[in-house]
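The values are calculated or read from the model by the stated rules, or taken from the named source; none is laboratory data. Here the structure is a predicted model, which is why all the values come from computation and not from measurement. Cβ atoms come from the backbone with ideal geometry, glycine included; neighbour counts cover every protein chain shown. The area values use the complete protein model at the heavy-atom level, side chains included, leaving out ligands, DNA and RNA. Shrake-Rupley method; radii C 1.70, N 1.55, O 1.52, S 1.80 Å.
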Amino acid sequence: MSSASRSGRRRTGSVALGDLLRREASAERAALGGGDGERDWRPSVAAGQACRAKKGEDFALLKPACERRPGAPSTSFSAFALFDGHNGSAAAVYAKEHLLGNVLGCVPTDLTRDEWLAALPRALVAGFVKTDKDFQTKAHSSGTTVTLAIIDGSVVTVASVGDSRCVLEAEGSIYYLSADHRFDANEEEVGRVTECGGEVGRLNVVGGAEIGPLRCWPGGLCLSRSIGDQDVGEFIIPVPYVKQIKLSNAGGRLIISSDGVWDALTAEVAFRCARGLPPEAAAEQIVKEAVDSKGLRDDTTCIVIDVIPPEKPKCTIESPKTPGKGLVLLKKFFLRKTLSDSLSLADKDNYPEPDLVEEVFEDGCPSLSRRLNSEYPVRDMFKLFACAICQIDLESGQGISIHEGLSKPGKLRPWDGPFLCHSCQEKKEAMEGKRHSRDSSSRNSGSSE
């Protein structure tokens, strides 16, 4: 049909069938709580936790009802976090009490929901680094892993340092939303720490044999990223891996657990053993399975979160039983494991393509210069003349560009923002190995992660 013909129909008041179907779909989405986008819906969130303590250094944060602006229900979100401490509990306790507030303090309060979600990855980086920097003033040598999940509608944003993991099951598939910052699992991190002045190797015993996991010396820490651990060296950085996804309208189940669980169970086993149980009972079952498998060697903590679509009753999220889910992987979607790998091509053609989980953002780069240098339009959401980490206002000439000192600045200039205050610039340089960190003292390797 020609455009002239279509225009003529609009003038007579007729509506094309395709337009009518789109309007009906929009109305259905609005009835489910949408409004900001095609896949925007407002689910309910149910969560539970369980813990078996060995050292008493694991701490959990469960806040299902938060508001970015107090008294404004339209700014509501949920936050869940796990802090697996080592060499004492001080860092884990401090991070639990201050991290979320520091992240929110890095986000301008006047943003729309879409703007807040776009600004959140940068705010998470700044909030993690600020929490680590502030904890240094407490003169504690302990450290902690952190895995923080923020859920706003169908959007899940996860930031992590260390080896506590966040895993999602949705549409019958498993998605890994965090990174493992153990030296054994990440050669790039070994290279980064070595270049910054650290030494990475295994524990030497009599006779020259090397045993155990890769560790950073002095100190014997197995992790390349954490909050705290200033006695090991500033090259153990708090810059988080961040992943942001959009769930399909089927919802999903999240598991956040410390290494006490993941050293004993695979993600598949964890989801399978707790399937059909409500969140708290599911968390208890996962912890029980882990302890029964390997014994209580470490604090073993689990948080289970169900993201429940509006049209579904408040019960657990069960794995779809229809074969063929999770078959197609498109450019803007990611799919790690499916339940349909064994189907033939002929079988796959008989099943419709599911509404997959969409990856919105992912970045694990350790460079603050890159992570804080947001692209337009996110760049314009933040105050230019405020420290990009601690948020203090900067007078003219006080700020130091995050691009200062880059070996290959390209089009960037030293007077381009974002800017850091003097103390945050010192922190950045120490993390990059350009400034000597505090004197390090060796710690008992048995107390390290």
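Before moving on, here are some points about what is shown:
- A single member of E24, E97 is exposed (fewer than 12 other Cβ atoms within 10 Å of the Cβ) and either among the charged types (D, E, K, R) or at pLDDT 95 or above (or both), and it is E24.
- Search result, residues across the stretch 173-201 that are farther than 18 Å from Y241 by Cβ, outside any loop (DSSP other than H, G, I, E, B), open to solvent by less than 30 Å² (accessible area, probe 1.4 Å) and without any contact (Cβ under 8 Å) to a residue 60 or more places away in the chain: G201
- Single residue of S224, S258, S248 found to be touching a helix residue (DSSP H, G or I) at 6+ places or on another chain (Cβ under 8 Å) and small (G, A, S): S224
- Residues that are of a type in the set (S, T, N, Q) and in contact with an Asp or Glu (Cβ under 6 Å, 6 or more places away or on another chain) were ranked within the stretch 51-76; the one that is nearest to I150 (Cα to Cα) is S76.
- Pairs where the first residue, in the stretch 204-229, is more than 28 Å from A92 (Cα to Cα) and at pLDDT below 95 and the second is acidic (D, E) and in a strand (DSSP E or B), C-beta under 8 Å, 6+ apart: N204/E210
- For V232: the one exception among (1) more than 25 Å from L148 (Cα to Cα); (2) in a loop (DSSP other than H, G, I, E, B): (1)
- Yes/no for E57 being among the charged types (D, E, K, R), open to solvent by 40 Å² or more (accessible area, probe 1.4 Å), assigned by the TED database to the domain that holds H140 and modelled with pLDDT of 95 or more: no
- Checking each residue in the stretch 230-253 for being under 20 Å from E187 (Cα atoms) and more than 15 Å from the chain's Cα centre (by Cα) picks out V232, G233, E234, F235, I236, I237.
- Scanning the stretch 202-229 for residues that are in a strand (DSSP E or B) and under 26 Å from the mean Cα position of the chain (by Cα) turns up P213, L214, R215, C216, L221, L223, R225, I227, G228.
- Failed item, numbered, when A250 is tested on (1) aliphatic (A, V, I, L, M); (2) modelled with pLDDT of 95 or more; (3) over 23 Å from A91 (Cβ atoms): (2)
- Among residues of the stretch 141-172 being outside any strand (DSSP E or B) and under 21 Å from P238 (Cβ atoms), the one that is modelled with the lowest pLDDT is S141.
- Scanning the stretch 139-176 for residues that are aliphatic (A, V, I, L, M) and more than 16 Å from V261 (Cα to Cα) yields A139, L148, A149, I150, I151, V155, V156, V158, A159, V161, A170, I174.
- Extreme residue, nearest to K246 (Cα to Cα), among residues of the stretch 265-313 that are surrounded by 19 or more Cβ atoms within 10 Å (Cβ to Cβ) and of a type in the set (D, E, K, R): D306
- Residues located in the stretch 381-398, provided they are at pLDDT 90 or above, hydrophobic (A, V, I, L, M, F, W, C) and part of a loop (DSSP other than H, G, I, E, B): F382, A388, I389, C390, I392, L394
- Restricting the stretch 72-111 to residues that are in a loop (DSSP other than H, G, I, E, B) and without any contact (Cβ under 8 Å) to a residue 24 or more places away in the chain, the residue that is nearest to the chain's Cα centre (by Cα) is D110.
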